[in-house]
Amino acid sequence: MALPFFYISNYDGTQKQIVLDEDTSKHIVQVLRMKTGAQLNLTDGKGSLLICGIVAEHKRHCEVEVLSSIIYPLSSKKITISISLLKNTNRFEWFLEKATEIGVSEIIPLICVRTEKEKFRFDRMQGICISAMLQSQQCWLPVLHEPVKFENVEMWIPKAIGSGNGPNYIAHCRDGYKQPSLHSLVSTSTDSHIFTSSHSLICIGPEGDFTTDEIEWALKHHFIPVSLGETRLRTETAGVVAAALLCQTQKQ
């Protein structure tokens, strides 16, 4: 039976004895009813996996001893999803959960012209990502940014594109733009750059789609316009489909 996974935010790489926070301690002792000597996994979301044994069971400050540790290297390929905030917060939270499970590297919430809601509870959203990371038993937590406005080039382009090695995509539903499917680009392209690039980014717009000006801005900055299939998808669904397609190339 797999050991339960828990998150530790302040691991410095050298600790042998760790006192867990109250929420984690309560879950271990009161919910799972784990006793002294039982083993569990801890991760800091930065590649460390610690196999630990409980040495003092306490519902507020459970103490564990590090028995062994493994460092999982960060993937050489980075997948960034830049996606509009949604009017329905539950749908955006669902996207965060699924994108984390799939294995995206970075998430940048966007405020576009047609974004209907700009409120963003960072702590709650980060907690959802952490829970999804633990549920899927991963050791790397995606980097979640505070929301940025789409037109503020200097704010989010450096975060998303970095050295600019692309490819970078924009998915939209506007007529008048010829768009290959993202699936065809990542699965059948003969351009080795698609597969060897260390970073891919895709932009997903709000419920009302990107405006013409936003699409033209993206094209000016060498984003490749793509479709995500024959049907029109909700924003959160589009984000998950894009994440699945791009993360699949990460494994090739």
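Taken together, the values in this text are just the output of simple stated rules run on the coordinates, not laboratory data. Worth saying up front: this structure is predicted, and the values here are computed from it rather than measured. Glycine also receives a Cβ, built like all others from the backbone with ideal geometry; neighbour counts cover every protein chain displayed.
Miscellaneous remarks
- For Y169, the amide hydrogen comes within under 5 Å of the amide hydrogens of L201, I202, C203, I224, counting only partners 5 or more places away or on other chains and with H modelled in the peptide plane.
- A straight chain from K87 to I51 at 0.36 nm per residue would run longer than the Cα-Cα distance by 8.9 nm.
- Our summary gives the chain a relative contact order of 20 percent, counting only alpha carbon pairs under 8 angstrom and 6 or more residues apart.
- Taking a point 7 Å from the Cα of K149 along the Cα-to-Cβ direction, the residues of segment 63-98 with backbone N closer than 16 Å to it are 85.
- Near the amide H of F6, within less than 5 Å, lie the amide hydrogens of N41, L42, T43, all on another chain or at least 5 residues away, with H placed in the peptide plane.
- Semi-axis lengths, Å, segment 5-71, gyration tensor of Cα atoms, sqrt of 5 times eigenvalues: 18, 12, 10
- Fully extended contour minus Cα-Cα distance, from K35 to R174, at 0.36 nm per residue: 44.2 nm
- Using a Förster distance of 51 Å, the FRET efficiency for T14-Q248 (Cβ separation, nearest 0.05): 0.85
- Electrostatic tally near C112: other residues with Cβ closer than 12 Å to its Cβ, Lys and Arg +1, Asp and Glu -1, net -4.
- Computed per residue of the chain from DSSP H runs no shorter than four, each worth -39500 (n - 2.57), the mean residue ellipticity at 222 nm is -9000 deg cm²/dmol.
- Pairs spanning more than 28 Å between alpha-carbon atoms, out of K16/K98; K78/K149; K16/K59; K98/K119: K16/K98.
- Sum of side-chain charges, S198 neighbourhood, beta-carbon under 12 Å (Lys, Arg +1; Asp, Glu -1): +2
- Cleavage-rule hits (GluC sites (Glu not before Pro)) in segment 64-160: DSSP loop, at most 10 neighbouring Cβ within 10 angstrom: E118
- Helix axis angle, 89-102 relative to the chain longest principal axis, alpha carbon, degrees: 80 degrees
- Fully extending the segment from R121 to R60 would add 19.4 nm, taking 0.36 nm per residue of separation and subtracting the current Cα-Cα distance.
- Listed values for segment 4-14 are Karplus-derived 3J(HN,Hα) couplings in whole Hz (6.51 cos²θ - 1.76 cosθ + 1.60, θ = phi - 60°), namely x, 9, 9, 10, 10, 8, 10, 6, 9, x, 10, and x replaces Gly and Pro.
- Two-site FRET efficiency, H183 against T212, from Cβ-Cβ distance with R₀ of 25 Å, rounded to 0.05: 0.50
- Remark: relative contact order (segment 38-137) = 22 percent; criterion is Cα-Cα distance under 8 angstrom and separation of 6 or more residues.
- Directionally averaged shadow of the chain, computed from the convex hull of its alpha-carbon atoms, nm²: 14.8 nm²
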